[in-house]
Amino acid sequence: MQPDKPATLRIRFILSTRAGSGRAQHLEEKILRAFAGHDTPDIQLTQYKGHAAELAREWAERWGAEGLVYACGGDGTLNEVATVLQGGSCYMGVLPLGTGNDFARTLYPGTVGDKVADTLLPFTANPILGRIDILKVNEHFSINMISLGFDTVVLKRINDLRKRWPRLGRLAYGLGVLASLTSLQHYPLRYSFTDAKGEVHSGEEPAAIVTFGNGRYYGSGFQSAPLADPVDGLGDFLLVKHLSFTEFIPLLIKYRSGAHIGDPKALSSRFTKARVESLDGRAFPANYDGEVFDAPVLEVEILPAALPFAYLPFKQVAQE
């Protein structure tokens, strides 16, 4: 990340009350302690879905390039804030409070567990300023990952489980995967993408999973795009081909650690633009940063350096 010129920062923390089993309510006092000796930041708690976007937009309109918004929540909160701030001059920072915290895993290796926010908070008063890439899919934006197929089916099941049993936490991911394996589907697709050299690749495949990554992780730690770098101006494309149940399980294990790259059943490449289209005309299940939608076509592109970003000068710690 190349730092921009230093600026006098007006800092707002947006704390998601939906993320991390209510940890936001206990963070305000810690933020104020971290900023002892600095200008007191503005702290806001979200009250409803979409509130983080409203709060970020208001701060950006007030302070422009002097503004910095820390999105404190899960990837859904990050998406709301990034969507509003991309293409502008107000900076965004990340303080993870969610269950998966997948984009933070890419930014800050080793930040896993319930105390991630406490670990990163001391660095928020003096960030390094720069810019990162962001993905666009149809009319939406994604800071971390876009995907379709099996993983979105899993996500739907996870959401259902959390509605029934809110205290499941990370256990919901494993249960969602197990429940979805019994109904493994494949989606007949036509795909095309432009690689880093400007060459266009295309084909037709019945696919189990397709992902487009700006970050490396999703689904609470699955490494779909282990080579992804949100400052390189490229996205990471992955298509998992038709698999039997017995083939899918070993690949899923590789998928968790990022060892699937190079597997003949997993087509991967860097890209600048990509398109995936349903061959039978039916919409397929997809999501961007965990926001579920259905569509027969995905048009995806990477927007290089589109998001002003405040990177925390954090050194890796041991995995918890």
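The numbers here are math on the coordinates, done by the rules we state, and not lab data. Only a predicted model underlies this, so the values are computations on that prediction, with no experimental measurement involved. Here the Cβ is made from the backbone with ideal geometry for all residues, glycine too, and neighbour counts use every protein chain on show.
Here are a few things to note about the model shown:
- Once backbone amide H atoms are built at 1.01 Å from N, residue 131 has 2, 309 as its partners under 5 Å, excluding neighbours fewer than 5 places away on the same chain.
- Under the convention that each Lys and Arg Cβ holds +1 and each Asp and Glu Cβ holds -1, the size of the dipole of the chain around its Cα centre is about 720 debye.
- Three principal axis lengths of the range 141-304 [C-alpha, angstrom, descending]: 47, 34, 28
- Coupling constants for the range 36-45 follow from the phi torsions by the Karplus curve (6.51 cos²θ - 1.76 cosθ + 1.60, θ = phi - 60°), and in residue order they are 4, x, 10, 4, 5, x, 7, 10, 10, 9 Hz; glycine and proline get x.
- Per residue, the chain reaches -7500 deg cm²/dmol at 222 nm when only DSSP H runs of four or more residues are counted, each adding -39500 (n - 2.57).
- Evaluated at q = 0.10, 0.11, 0.19, 0.21 Å⁻¹: base-10 log I(q)/I(0), Debye formula over Cα of the range 25-127: -0.26, -0.31, -1.00, -1.23
- The relative contact order of the chain comes to 22 percent, based on Cα pairs under 8 Å that sit 6 or more residues apart.
- For the chain, the spread of Cα positions along each principal axis, largest first, Å: 59, 45, 35
- Residue (of 231, 89, 70) at the positive-pole extreme of the chain, dipole from beta-carbon charges: 70
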